[in-house]
Amino acid sequence: MSYADVYESWKSDPEGFWMEAARNIDWVKPPSRALNADNAPLYTWFQDGLVNTCWNAVDRHVEAGRGEQTAIIHDSPITQSKREISYIELRNRVASLAGALRAKGVEKGDRVIIYMPMIPEALEAMLACARLGAIHSVVFGGFAANELAVRIDDCKPKAIIAASCGLEPGRVVHYKPLLDGAIDMASHKPEFCVIFQREQEVAHLTEGRDFNWHGFQYGVQPADCVPVEGDHPAYILYTSGTTGAPKGVIRHTGGHLVALSWTMKNIYNVDPGDVFWAASDVGWVVGHSYICYAPLIHGNTTIVFEGKPVGTPDAGTFWRVISEHKVKSFFTAPTAFRAVKREDPKGEFVRKYDLSGLNAIYLAGERADPDTIEWTREMTGKPVYDHWWQTETGYTIVGNPVGIEPLPVKPGSPTVAMPGYDVQILDEAGQEVAPGELGAIAIKLPLPPGTLPNLWNAEDRFRKSYLEHFPGYYETGDAGMKDEDGYLWIMARTDDVINVAGHRLSTGAMEEVLAAHPDVGECAVIGVTDQLKGQAPVGFLCLNSGVGRDASEVIAEVVQMVRDKIGPVAAFKQAVVVDRLPKTRSGKILRATMVKIADGEDFKMPATIDDPDILSEIRTALQGIGYAK
Ligand code: COA
Ligand code: AMP
């Protein structure tokens, strides 16, 4: 069948399409129907089925005789170690960990926060929660204690599972003091913590509250898989919104299993037993879906890589891992290749390794610029496929259906809508625009299985953020266009979310931190174009009158404050002091105009601007830090 046939088969009979896809999953009780629209515009999928994620990701492969196959390869150029875990070992380790969690009172529906670096134990912790029907929420290691505290207070975990430390090149990230700080800050207190002590740092355990990962499993009864309903939350993953408060994206169990399982062959074109590698982090959605769940559900070998594209030890690391572990499909963010290209523009490292086993490279997380796609394709000789998705959807909205039919690549476009997604470009009035015209990208409801059904504790925010602007649609927050061939082009966010090195960040959250500085009267943060990271945040500060200190002191302090409050991942390193901010007559800060000035682009003077003269001050300030050329 062609892509067009498959898409049409979904469109003409979505219920039949997804019920058929659900056959790849082992159900304790099969669902009687796919979609439940009783509560529209809130939808659920496979609601009356009973199923367990861990069974589908681990146990069933052991039962089917694949227990000896490698499930996880840990490759850490930072610790210079490699390790393999078979499916049977994984089953035993996860059952034991789940048993120990249960012995301490963790049950179906309880929340568990996981705060761990790129080690197999992070996946084991996720799977142990899934085994019990507990709802995990993984928090990325590059966030500060304050961000962890916000998540603790929102999802109120019974337990937190953490490692003693993470390892960044040249720096140990001391997780335990961050964890202790977060628990101190949060109003909600977890009943207990489980700490995985890494060789590189042994953390101090708090008597009575903290348990050692190994010690607390001693002598416990391993846990079996607990069947849960199709609409039972598998996890909550927090992501940046417009304000400082992160959004808790919920993932339901049944749809998650069905949709991820569908993607592995149809999009990534791998079969059970193949090695699949997503070079991301378990703290992001790519890590949830394509380091942990999808490859395991599909019976692949997944790679947990603790390193960076460059510097660990060189720009050849990706190629080494691909050739050494015989990776068939590789997935990363464009920024990673920009980093590799900068260090190895002629691809000398690429030629040192045998990449014959690699079929294709997939990019997502931010706009893939045609230069990076072309360079990667030329150096590797492999097809490079961009695909567009979000934390909210959990998998590809627009991509190249390589396992069905590879479609011609148009660099700069992630290709076409996947079955399940009716993607439309709308004008402000909610009308579909003509091909080639820019507009807001929206998806006709219902969203397919596996996408977010709601936000944790925040249904109003869910409706306001995604459903109200265009009734009958999900608003993606991205703007773009569709061409005559139905290819989508994703151009920019329509909100204050920026994308730094493939990491989604909120400028609003950074502004909240800057505004808390006692000398700052007013502020704004924008995302300017950055050659390596795609975008970089730049802050504008208006100091209170009478502040007699040197501006550079205040700038250094706010940079440190963002690092302390949000974390190093915000990569907030630049700010300027200005007298005033450009605003509309109604007082709205003209951030988009500031971005255009910073990027040296032409712009139309906003008709509603209060005082156009301010723009030249903004330009001069930006030139002082190397922008607005
Ligand atoms: N724990 C603690 N700190 C972390 C972290 C983690 N898991 N991940 C990143 N950080 C820190 C970095 O050490 C850095 O700190 P520094 O300011 O002290 O140098 C800061 O956060 C910014 O990190 P990053 O923006 O990633 O920049 P970098 O200079 O370390 O690396 C790249 C640049 C391009 C090599 C890197 O960003 C990369 O590999 N990106 C791929 C992105 C990706 O996989 N995205 C997931 C979506 S698919
Ligand atoms: P996240 O939720 O962190 O995955 O970020 C999702 C956002 O990243 C999207 O809304 C887009 O703005 C951007 N994004 C992700 N993938 C792509 C892509 N392939 N092309 C353009 N933008 C992308």
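The values are calculated or read from the model by the stated rules, or taken from the named source; none is laboratory data. Bear in mind that the values here come from a model prediction, so they are computed numbers and not experimental data. Heads up, the Cβs are rebuilt from the backbone with ideal geometry, glycines too, and the neighbour counts pull from every protein chain shown. When the accessible area is computed, the model is the full protein with side chains, heavy atoms only, and any ligands, DNA or RNA have been set aside. Shrake-Rupley method; radii C 1.70, N 1.55, O 1.52, S 1.80 Å.
From the list ILE250, ILE195, the lone residue that is within 16 Å of ligand 2 (Cβ to nearest atom) and open to solvent by less than 30 Å² (accessible area, probe 1.4 Å) is ILE250. Among the residues that make up the range 600-620, is at least one of them open to solvent by 10 Å² or more (accessible area, probe 1.4 Å), within 17 Å of PRO537 (Cβ to Cβ), out of contact with any Cys (no Cβ under 8 Å at 6 or more places or on another chain) and touching a residue at least 60 places away in the same chain (Cβ under 8 Å)? Within the range 600-620, not a single residue is open to solvent by 10 Å² or more (accessible area, probe 1.4 Å), within 17 Å of PRO537 (Cβ to Cβ), out of contact with any Cys (no Cβ under 8 Å at 6 or more places or on another chain) and touching a residue at least 60 places away in the same chain (Cβ under 8 Å).
Here THR396 clears all of (1) part of a strand (DSSP E or B); (2) β-branched (Val, Ile, Thr); (3) within 16 Å of ligand 1 (Cβ to nearest atom) except the condition numbered (1).
Right, GLU324: open to solvent by 10 Å² or more (accessible area, probe 1.4 Å), among the acidic types (Asp, Glu), more than 9 Å from ligand 1 (Cβ to nearest atom) and farther than 23 Å from VAL569 by Cβ or not? Yes: the conditions hold for GLU324.
If only residues of the range 462-497 that are at pLDDT 95 or above, over 27 Å from ALA434 (Cβ atoms) and within 16 Å of ligand 2 (Cβ to nearest atom) are counted, the one that is surrounded by the fewest Cβ atoms within 10 Å (Cβ to Cβ) is SER465. For the range 84-99, indicate whether the set of residues that are among the acidic types (Asp, Glu) and part of a strand (DSSP E or B) is non-empty. Looking for residues that are among the acidic types (Asp, Glu) and part of a strand (DSSP E or B), one finds at least one in the range 84-99, hence yes.
Table: residues versus (1) among the charged types (D, E, K, R); (2) open to solvent by less than 30 Å² (accessible area, probe 1.4 Å); (3) away from ligand 1 (no atom under 16 Å from the Cβ).
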{"site": "ASP369", "(1), (2), (3)": "yes, no, no"}
{"site": "GLY381", "(1), (2), (3)": "no, no, yes"}
{"site": "ILE404", "(1), (2), (3)": "no, no, yes"}
{"site": "PRO411", "(1), (2), (3)": "no, no, yes"}
{"site": "MET418", "(1), (2), (3)": "no, yes, yes"}
{"site": "TYR421", "(1), (2), (3)": "no, yes, yes"}
{"site": "LEU426", "(1), (2), (3)": "no, yes, yes"}
{"site": "GLN431", "(1), (2), (3)": "no, no, yes"}
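Does the range 506-515 contain any residue that is touching a residue at least 40 places away in the same chain (Cβ under 8 Å) and assigned to a loop (DSSP other than H, G, I, E, B)? There is no residue in the range 506-515 that is touching a residue at least 40 places away in the same chain (Cβ under 8 Å) and assigned to a loop (DSSP other than H, G, I, E, B).
Name every residue in the range 522-535 that is farther than 14 Å from ILE597 by Cα, at pLDDT 95 or above and open to solvent by 50 Å² or more (accessible area, probe 1.4 Å), in order of residue number. Residues satisfying the conditions are GLU522, LYS533, GLN535. Looking across VAL112, VAL51, VAL62, one residue alone is surrounded by 24 or more Cβ atoms within 10 Å (Cβ to Cβ), under 23 Å from PRO272 (Cα atoms) and of a type in the set (Val, Ile, Thr). It is VAL51.
Screening the candidates LEU363, LEU407 for the property of being within 16 Å of ligand 2 (Cβ to nearest atom), under 21 Å from the mean Cα position of the chain (by Cα) and under 30 Å from TYR7 (Cα atoms) yields one hit, LEU363. Looking at THR372, THR332, THR376, just one residue is at pLDDT 95 or above, more than 22 Å from the chain's Cα centre (by Cα) and within 15 Å of ligand 2 (Cβ to nearest atom), and that residue is THR376. Filtering GLY67, GLY105 for residues that are more than 25 Å from the chain's Cα centre (by Cα) and touching a residue at least 40 places away in the same chain (Cβ under 8 Å) leaves a single hit, GLY105.
A quick yes/no check of all residues on (1) within 19 Å of the chain's Cα centre (by Cα); (2) over 15 Å from ASP180 (Cβ atoms); (3) within 16 Å of ligand 1 (Cβ to nearest atom):
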site: ILE119; (1), (2), (3): yes, yes, yes
site: ALA125; (1), (2), (3): yes, yes, yes
site: ARG131; (1), (2), (3): no, yes, no
site: ILE135; (1), (2), (3): yes, yes, no
site: VAL138; (1), (2), (3): yes, yes, yes
site: ALA144; (1), (2), (3): yes, no, yes
site: VAL150; (1), (2), (3): yes, yes, no
site: LYS156; (1), (2), (3): no, yes, no
site: ILE160; (1), (2), (3): no, no, no
